[in-house]
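The values are calculated or read from the model by the stated rules, or taken from the named source; none is laboratory data. The structure displayed is predicted, hence computed values, not measured ones. FYI the Cβ positions are ideal-geometry reconstructions off the backbone, even for glycines, and counts take in every protein chain you see.
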Amino acid sequence: MNLTLKIWRQKNANAKGKMVDYPISNISPDMSFLEMLDVLNNELIEKGEEPVSFDHDCREGICGSCSLYINGEAHGPDRLITTCQLHMRTFKDGETIVIEPWRAKAFPVIKDLIVDRSAFDRIQHAGGFISVNTSGNTIDANTIPIEKEDADNAFMAATCIGCGACVASCKNSSAMLFVGAKVSQFALLPQGQVEATDRVLNMVKQMDEEGFGNCTNTGACEVECPKGISLENIARMNREYLSASLKG
Ligand code: SF4
Ligand code: FES
């Protein structure tokens, strides 16, 4: 395949960025999108030019770091996959592919296609944990009966990989799908009840302080989420928040 890549280049957080065109040829349709960027970077290094910085780690849809906005969509045109799971056969020979970083005030660009997603870490630190009795009287989680539906929904919420595609695809840069998933995975289980009130209040407070926008029920986040996290998690978080506010 022969392609033209239009890539956002930005030296650092304070520099002015711009789109730069890179023609690339002999790309196999079976390559992953990140392998294609590896080929480009090898060529740039051989020419003595600065390679394109982009985030990646597991390259198998688990870590959530490969945050790229491709042809106007978070993680590209396919559904329920991350950028590292996207293959070049999705594109046509001769196509121009536009590659940008996530765009959100709370995710500032560090360099080229890499953004700072530490705001998500701070939200997790505010409440994304449970307390467990480790005094020797610990109850084995498998001995606590949990409704199948609750267990399934908690598991589904826990599959959120913190990639930030929900924020990038939202016109308000809202993080409510991410926070809804993180609140839900504990709200549905008995183990999550100890800190339930503080958790939702603290995580939502941190989310607001980080500069994420509010949810206006557009639903773009659910469509672009590579893990299929449902909007029901936002509704559950809102119920948890209301109930915690009344208690508080
Ligand atoms: S809710 Fe989906 S899109 Fe948002 S961070 Fe989690 S996995 Fe990524
Ligand atoms: S590199 Fe880990 S999810 Fe893509």
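A few remarks follow.
- Residue in region 78-98 that is free of Cβ contacts under 8 Å to residues at least 40 places away in the same chain, within 23 Å of the chain's Cα centre (by Cα) and part of a loop (DSSP other than H, G, I, E, B) present: yes
- Residue count for region 119-143, restricted to those that are within 14 Å of ligand 1 (Cβ to nearest atom) and either touching a His at 6+ places or on another chain (Cβ under 8 Å) or assigned to a helix (DSSP H, G or I) (or both): 5
- Sub-7 Å Cβ pairs linking a first residue in region 27-49 that is free of Cβ contacts under 8 Å to residues at least 40 places away in the same chain to a second residue that is surrounded by fewer than 16 Cβ atoms within 10 Å (Cβ to Cβ) and of a type outside the set (A, V, I, L, M, F, W, C), at least 6 apart or interchain, are Asn41/Pro51; Leu44/Glu50; Leu44/Pro51; Ile45/Pro51, ordered by first then second residue.
- Tally, over region 34-63, of residues that are within 16 Å of ligand 2 (Cβ to nearest atom) and farther than 18 Å from Glu100 by Cβ: 9
- Any hit, region 19-33, residues being among the β-branched types (Val, Ile, Thr), within 9 Å of ligand 2 (Cβ to nearest atom), in a loop (DSSP other than H, G, I, E, B) and modelled with pLDDT of 95 or more: no
- Scope region 1-26; condition of a type in the set (Val, Ile, Thr), touching a Ser or Thr at 6+ places or on another chain (Cβ under 8 Å) and free of Cβ contacts under 8 Å to residues at least 40 places away in the same chain; matching residues: Ile24
- Any hit, region 180-188, residues being under 17 Å from the mean Cα position of the chain (by Cα), among the charged types (D, E, K, R) and either modelled with pLDDT of 95 or more or away from ligand 2 (no atom under 16 Å from the Cβ) (or both): yes
- Of all residues in region 214-237, those that are within 12 Å of ligand 1 (Cβ to nearest atom) and among the hydroxyl-bearing types (Ser, Thr, Tyr) total 1.
- If you check Val200, Val183, Val194 for being more than 14 Å from ligand 1 (Cβ to nearest atom), in a helix (DSSP H, G or I) and either touching a strand residue (DSSP E or B) at 6+ places or on another chain (Cβ under 6 Å) or of a type in the set (A, V, I, L, M, F, W, C) (or both), only one passes: Val200.
- Yes/no for Lys171 being at pLDDT 95 or above, buried (at least 24 other Cβ atoms within 10 Å of the Cβ) and within 16 Å of ligand 1 (Cβ to nearest atom): no
- Being in a helix (DSSP H, G or I) and either modelled with pLDDT under 95 or within 21 Å of Thr83 (Cβ to Cβ) (or both) is a description that applies to Glu222.
- Flag for Gly211 being at pLDDT 95 or above, in a helix (DSSP H, G or I) and not aliphatic (A, V, I, L, M): no
- Taken as a whole, the structure places Gly162 among residues that are within 16 Å of ligand 2 (Cβ to nearest atom) and assigned to a loop (DSSP other than H, G, I, E, B).
Every residue, every condition in (1) surrounded by fewer than 21 Cβ atoms within 10 Å (Cβ to Cβ); (2) closer than 23 Å to Cys58 by Cα, yes or no:
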{"residue": "Glu100", "(1), (2)": "yes, yes"}
{"residue": "Asp112", "(1), (2)": "no, yes"}
{"residue": "Arg122", "(1), (2)": "yes, yes"}
{"residue": "Asn142", "(1), (2)": "yes, no"}
{"residue": "Ala151", "(1), (2)": "yes, no"}
{"residue": "Phe155", "(1), (2)": "yes, yes"}
